[in-house]
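Remarks on the structure that follows.
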Amino acid sequence: MLYGQNLRIALRNTSRSSLRQSSNTTSRLYSTSRRFQLSASTSPCLRPYLPAHAIPGSSKFSTSPARRKEAIKSPKDAAEENSEENAKDKAENVKEKSEEAVVESKSKSPESSPASGNASSGKPVDGRGSSASSGGAGDSGSGDGGKKGRKPSIEKALQKATVPDVYPQVMAIPITKRPLFPGFYKAVTVRDHNVVAAIQEMIKRGQPYIGAFLFKDENADGDIIENMDDVHDVGVFAQITSAFPVHGDENALTAVLYPHRRIKMSALISPASADVKKPDTPADPADPAVVPDVIPPKPEEKKGDVVASFEEGAVQQKSTETTPPWEPTAFLRNSPISLVKVENLVEEPHDPKSPIIRAVTNEIVNVFKEVASLNSLFRDQISTFSMSQSAGNVMQEPAKLADFAAAVSAGEVPELQDILETLNVEERLQKALVVLKKELMNAQLQSKISKDVERSIQKRQREYFLMEQMKGIRRELGIESDGKDKLVEKFREKSLKLAMPEAVKKVFDDELNKLAHLEPAASEFNVTRNYLDWLTQIPWGQRSAENFGINNAMTVLEEDHYGLKDVKDRILEFIAVGKLRGTVEGKILCFVGPPGVGKTSIGKSIARALNRQYYRFSVGGLTDVAEIKGHRRTYVGALPGRIIQALKKCQTENPLILIDEIDKIGRGHQGDPASALLELLDPEQNNSFLDHYLDVPVDLSKVLFVCTANMTDTIPRPLLDRMEMIELSGYVADEKMAIAERYLGPAAKELAGLKDVDVNLTMEAIKELIKSYCRESGVRNLKKQIEKVYRKSALKIVQDLGESVLPEEEALTEEGKAAMEESKKDETDVKETPENIEKETTETPRVSLHVPDTVHVTIDQDNLKDYVGPPVFTSDRLYDVTPPGVAMGLAWTQMGGAALYVESILESALTSDSRAGLTTTGNLKSVMKESTSIAYSFAKSVMAKQFPENHFFDKAKLHLHCPEGAVQKDGPSAGITMATSLLSLALDKPLDPTIAMTGELTVTGKVLRIGGLREKTVAARRAGSKMIIFPDDNMSDWLELPDNIKEGIEGHPVKWFSDVFDLVFPNLDKDVANNLWKEQLTKPKKEKEGEDDD
């Protein structure tokens, strides 16, 4: 079904089509007068409640005879008279009657349009046979043979056309969206060709009546009811007032329905079903497709003698045998349409003078008035309804008012259907009032929104007009030029101060010319203005004066950092080259080291030493390429990348940009930032860096890039290749002591408010902190512990002095007291920011406490526990005396170096029947597990070659473990340590606890190069080692180590494991070692004798 056709056009087209038809044509469309043409602009309801007999000038159809003044003949006489006439005379008489009726109708009603049948549009018609087509239905409805008893035309004109009160079977059409209400027109579009054909046939026969029932499913669509459960059983009995084809669809038909009354569906009749097509039911002779059932022979009766009449007052034909009533929809039986049995629904009796009904009626009228004042569409509908109903009629017919209220409101479909099904007038009025109240609330909300929008628009327009007038007045007075012209002039002046390259200058001129021709209200105006703003804020050709003084650089670097000789030497080299050339190109340095060794802070010191501007940003976890290369200008809120922002902030072409945490850069669906850094950190490419936002080449070759990382394993190889690596190892105890004394101690003391107070942290206390609390490579944890010591000291001083030294009243300044008073008045929750927060705050609310000179606090090694708690590390080494099978290795971690012990034990007693095996634990990863297998195989090889009589590995079930199982361990550098541990257990020889070793081992005994020798040496020094065994290939790394790190440690480079064996087992008795475990592995004599007997 399609709705929403324009009824005004529909009725006009119908009226025109009916005027063009011939007067002798029996198939005519029905039209209404132009006086009551309808407007279909309103969605819910299209027409007020106007009864069919009250609409002058509209076509009316009836199947019931009107009131007759002549005597009605008996059915027997009528049958005899009909049997005497033959078919030919009968057809001629019918034709003469039709023509005479048409001529008389035209002469009596010259203004009325012709209608089908013998009903005249706009005038009362003859009630006899008005529902049957006069040209094809046979005799008149009175049963007088068609000629007898015919009345003059003037007598016919005095009779009124009526709608049949009883219509037991009707063609049903399902409708969607909303139900129909009696008295209100609705246009529906039918697309099913069978239903279209049935409607056209019904109009031809003068039976334009259907039943309209609402679909239960709002999304359902169709023209045929397949199942009674698909629609609501309560609908309306409607008359098709006009029908016309749909433009663009020849098979579709738009029908205008006028509902008359409520009906209820009782049964759905299938096409050609036996319960409808009864044997005695005669077929309509006008429909040649309908074949009636076999009936008993009646020689005295002919076809067509029975008149199709179901109206009240109709006289049924009675013969000698009882004949079932003729069904007006019999000709539709075989059509695939919906035929239903219906029964009329009658409203329950009510008292119009009931106070409840009168009160609800008055309320509905009042709501109508309010809605009409807010909605012009409702005003038109209400005025049309008021024209047809006087005030008295509204009060006397409340049911019509309820239907009108439901028809014009856009309520929910279930609510409207409920109103249609309600037969109690009082309940219907109340339900209609609820729906109408919702419509009023909707109209009020719409009115409020409309007023708000209108008020906002008026305010903006007023402001715009005033601003334009003010600009005009200022221009006339010469006070101020146009804002756009001033903006263009400002950009032009800024560009003159910059040394833009030619390519950039051309782009700038084009964009400036574009801005000059754009209207300020245009959306692209702000985009162009922002772009020019960024383009003129880049320091094109502007460089800061660098300081190439070697002594100055050394002084600055020594002031800020202790140690870091490699870093300081590299900066001095950079300065020396700049001093010789007069200028320097940008470099890309990468500081790699454990946390807390000063990688980030050294970058700031370098900038201060070179007199360069400093800019830092971190790329840790960065996943968006736009952070590096900027956004495209087409995006809303687009910005350049961080590099262009750094140039804007520093206002120089040669700043120092520190890219922090480059080893933790991420990768997401927005691109790979590490790949974007390839262009940025390549000295061969960054002289023409292209930002997505600026889209012009920017020279970054003068920028000094400094990157920091904890490790190089996660940095992409191409990116790592572009940077100059400088490794920062951890600090030893001596360096930590100097750093704590020079930098950490004074800074923590000032931070705690004890700058001028006699609080002394002794060197012994600092040494104890380093030894027992802070063994990591960096000094960050040492800084935290020193700050904790000074905070505890501050608390002790304040508690000893007491509150009387500086009461709260004296500590507050005048501004602080006022802010405190306002805070006391504030009763809001602390989670919420009060409205008068500016009154509760001040810049200097308090004064500091002055500690007397008599206060003295000293923190030494003895009372250090009172400030930082018990020691974390109680010994330098895990083993003071190592048992056989334990060896100390060295490992590199992100926190620096660490001592890694390898422990091997014998799981079960060694006997001649025991089986060999090896179990490994300690959270070892794949590479380290391979090192374990290699070490086990190599140890067995050593024992087989050097100690052939020692069959320890042939029968021993071993367990190898690395302590600290919660820490993952991986890498090949523990190979010689594992082999030494296994051989120590096999030879039952303990190792020196001061020996530490590191190196990768092959199955042939070759010791390969390892990494992180500096960190491992620092870890060995912290663990109290006196000898380090390392691969010979790392000799160059050993020689580069500072003397303070190597002090007290003896380094031994080795090429083969035999060198390691000689160092760890210096005084081994080979004969004793060869005969070791013989007693355990020798079989008892009884077992030997048993074997011999066998």
Separation between Cα centres of segment 508-541 and segment 938-961, rounded to whole Å:
81 Å
If ligands, DNA and RNA are left out, what is the accessible area of His856 with a 1.4 Å probe, given in Å² to the nearest 10?
120 Å²
Note, ³J(HN,Hα) from phi for segment 599-606, Karplus 6.51, -1.76, 1.60, rounded to Hz, x at Gly and Pro:
5, 6, 5, 5, x, 5, 5, 5
By accessible area of protein heavy atoms, probe 1.4 Å, what ranking do Ser523, Ser544 get, highest first?
Ser523, Ser544
Cβ-based net charge around Arg722, under 12 Å, with every Lys or Arg adding one and every Asp or Glu removing one
-3
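Given C-alpha coordinates of segment 618-731, what is the ratio Rg to Rh with the Kirkwood estimate of Rh? All intermediate terms of the calculation are to be shown ahead of the outcome.
Values: Rg = 14.2 Å, Rh = 14.7 Å.
So for segment 618-731, dividing Rg by the Kirkwood Rh gives 0.96.
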Relative packing of peptides 973-983, 784-794 - highest average C-beta neighbours within 10 Å first:
973-983, 784-794
Keeping all protein chains in the complex and leaving out DNA, RNA and ligands, what accessible area do you get for Asp866 with a 1.4 Å probe, in Å² to the nearest 10?
120 Å²
Solvent-accessible area, 1.4 Å probe, carbon plus sulfur percent, for segment 550-727:
49 percent
Members of Lys599/Lys767; Lys771/Lys1026; Lys565/Lys1046; Lys989/Lys1078; Lys945/Lys1006 lying beyond 19 Å, as alpha-carbon distances in this model show
Lys599/Lys767
Among Phe591, Ile606, Gln670, which residue has its Cα furthest toward the positive end of the charge dipole of segment 577-693, with +1 on Lys/Arg Cβ and -1 on Asp/Glu Cβ?
Ile606
Amide H neighbours of Arg722 at under 5 Å, excluding residues fewer than 5 places away on the same chain, with H built from the backbone geometry, are none
Place the peptides 910-917, 609-616, 409-416 in order of packing, highest mean first, counting for every residue the other Cβ atoms within 10 Å and averaging per peptide.
609-616, 409-416, 910-917
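What net charge is computed for the residues neighbouring Pro355, neighbours being all others with C-beta under 15 Å from the C-beta of Pro355, Lys and Arg scored +1, Asp and Glu -1? Spell out each step's value before the answer.
Values: positive: Lys353, Arg358; negative: Asp351, Glu363, Glu426.
Local net charge: -1.
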Total formal charge among the other residues, if their Cβ is under 14 angstrom from that of Asp249, Lys/Arg +1 and Asp/Glu -1
-2
For Thr813, residues with placed amide H under 5 Å, excluding near neighbours
Arg846, Val847
Heavy-atom accessible area of Leu864 with all protein chains present, probe 1.4 Å, nearest 10 Å²?
0 Å²
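Could you sort Val507, Val967 by accessible area so the largest value comes first, with the probe set to 1.4 Å? Don't jump to the answer; show the numbers that get you there.
Details: Val507 45, Val967 75 Å².
Output order, biggest surface exposure first: Val967, Val507.
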So for Glu808, Glu679, Glu426, Glu843, what's the accessible-area order with a 1.4 Å probe, most first?
Glu843, Glu808, Glu426, Glu679
In terms of modelled amide H atoms, which long-range or inter-chain residues lie less than 5 Å from the amide H of Leu958?
Glu907, Gly917, Leu918, Thr919
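How large is Rg/Rh for segment 483-536, to two decimals, with Cα atoms and a Kirkwood Rh? Each step should come with its number before you reach the end.
Values: Rg = 10.6 Å, Rh = 11.2 Å.
Expressed as Rg/Rh, it is 0.95.
The values are calculated or read from the model by the stated rules, or taken from the named source; none is laboratory data. Everything numeric in this text was worked out from a predicted model, so none of it was measured. Ideal geometry is used to build each Cβ from the backbone, glycine not excepted, and the neighbour counts take in all protein chains shown. Accessible surface areas use protein heavy atoms only, side chains included; no ligands, DNA or RNA. Shrake-Rupley method; radii C 1.70, N 1.55, O 1.52, S 1.80 Å.
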